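The values are calculated or read from the model by the stated rules, or taken from the named source; none is laboratory data. Source: prediction; values computed, not measured. When we count neighbours, we look across all protein chains shown, and the Cβ atoms used for this are built from the backbone with ideal geometry, even at glycine. Each accessible area value is taken on the protein alone, full model and side chains, heavy atoms only, with ligands, DNA and RNA left out. Shrake-Rupley method; radii C 1.70, N 1.55, O 1.52, S 1.80 Å.
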Amino acid sequence: MSLLRLPSSAPVFREISAEDEEQQPVEIESLCMSCYQNGVTRLLFTKVPFFKEIIVSSFTCDSCGWCNTEIQSAGRIMEQGVRYSLRVRNRRDVNREVVKTDYATTRIPEIDFEIPACTQKGALTTIEGILERTIVGLQQEQPLRRAEDEQVAQKIDDFITKLQNMKAGETPFTIVVDDPSGNSFVENIFAPQKDEALTVTHYRRSKEQDSLLGIESLNGQHSSDETSEVHAEDMRDEVLQFQTNCPECNAPAATNMKLVQIPHFKEVVIMATNCDVCSHRTNEVKSGGAIEPLGTRITLHITDPSDLTRDILKSETCSVSIPELEFELGMGALGGKFTTLEGLLKDIRDLVVHKNPFTLGDSSTSDRREKLQEFGRKFDQILEVQMKAHIILDDPAGNSFLQNVYAPEQDPEMTVEKYERSFEQNEDLGLNDMKTEGYEEAATTCS
């Protein structure tokens, strides 16, 4: 067995970098499950932006030539599940990169095809790789099927032909990656602009999905039910602290939580985490109230440096768009934040430009890097108010806020619109299946 020993000061999970010579895999002698001889497993502990820490493992056997690669998430399970729906139209779409965890379900509705969760190991691959893996798996048993039932084998051959046409980019289709853990990802090849062919939906997990992920509490109730028993009056003047792990280095850290009243708005819960090991600091905001009856769309015309100092509350359900840059940040990205407008814009710039996993390393193209650099330059012009722009906060839950510096008078540079949510927005918020009236009679009838 050969193990790589890192200095005690070196982090276990390091960001992927071609220049990082210290980032080497750990080699472990292990048993080959094909020929039962000894092979070698290589483990690489690395950190990918958007997906936190991952473990990349690769097994090779010199005796029989069998090999296997997979990834496992080493970070935390996200608070919401994520669903990617991609309309694949050409060869370029087939080459999109995909991070798929063990818990992700992959579907192609046009051919009624599904890869259930926990039936394949996690992988860093492409759309083509997913299809190729499926084709190889189906072809392995074809000789046996032909010997037992020629008709079934012929149907499988026809199905494989459809998959091969899809892999070649000749047949348009839709692929859906649904991951309740929230750790899967499908590449946006037009980043930082919005991808019209790609739809990203964040959703609340069901009780069954929580159970699949192993995060169901012992009494069968969700953790949110437990926290709801704590009275807001007892929390208002108290800073609560609980132990957690740092989202960057995974070291033990403490999170402080405080209930705060925002003037001219509502109460929110602010959570802040400071890590003594890597000095990472983060703050997150969650609404302290219910979902509003109407959605809220806030539009601000940035015309003066003082606009960047406005306080802003961005909830988890809020999307951010800048029409001048043809840019849109979907809800769920960056989480909830209570900061200034300048702070939010800098976080968006860092997320899109500096921490984009598909523009780093050897896999990124020069055209993609140049496009992202140009986007970064325009974003800096907005931060320096050299370029006038509009920022739009669209929150279907109505729990986001942007400071009106003219309050209680109307702000001439800002408009606030209330609107009726669509069926899809209510579905994302889990409201379509929520019964708020007449449930007492239904409970009595069932008893």
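A few comments on the model shown:
- Inter-centroid distance (Cα atoms) of the stretch 83-110 relative to the stretch 268-325, Å: 30 Å
- The label point for Glu374 and the one for Glu110, both projected 7 Å from the Cα toward the Cβ, are 3.1 nm apart.
- Rolling a 1.4 Å probe over the protein heavy atoms leaves Asp380 with an accessible area of roughly 50 Å².
- Computed from the C-alpha gyration tensor, the three semi-axes of the ellipsoid equivalent to the stretch 265-335 are 24, 19, 14 Å, from longest to shortest.
- The solvent-accessible area of Tyr103, taken with every protein chain present and a 1.4 Å probe, is close to 80 Å².
- Sorting Arg96, Arg76 by accessible area puts them as Arg76, Arg96; the probe is 1.4 Å, largest comes first, and only protein heavy atoms count.
- Computed from point charges on the beta carbon alone (+1 for Lys and Arg, -1 for Asp and Glu), the dipole magnitude for the stretch 25-155 about its Cα centre is near 580 Debye.
- Given Lys121/Lys155; Lys314/Lys346; Lys100/Lys167; Lys286/Lys378; Lys378/Lys418, the pairs whose alpha carbons are separated by over 22 Å: Lys121/Lys155; Lys286/Lys378; Lys378/Lys418
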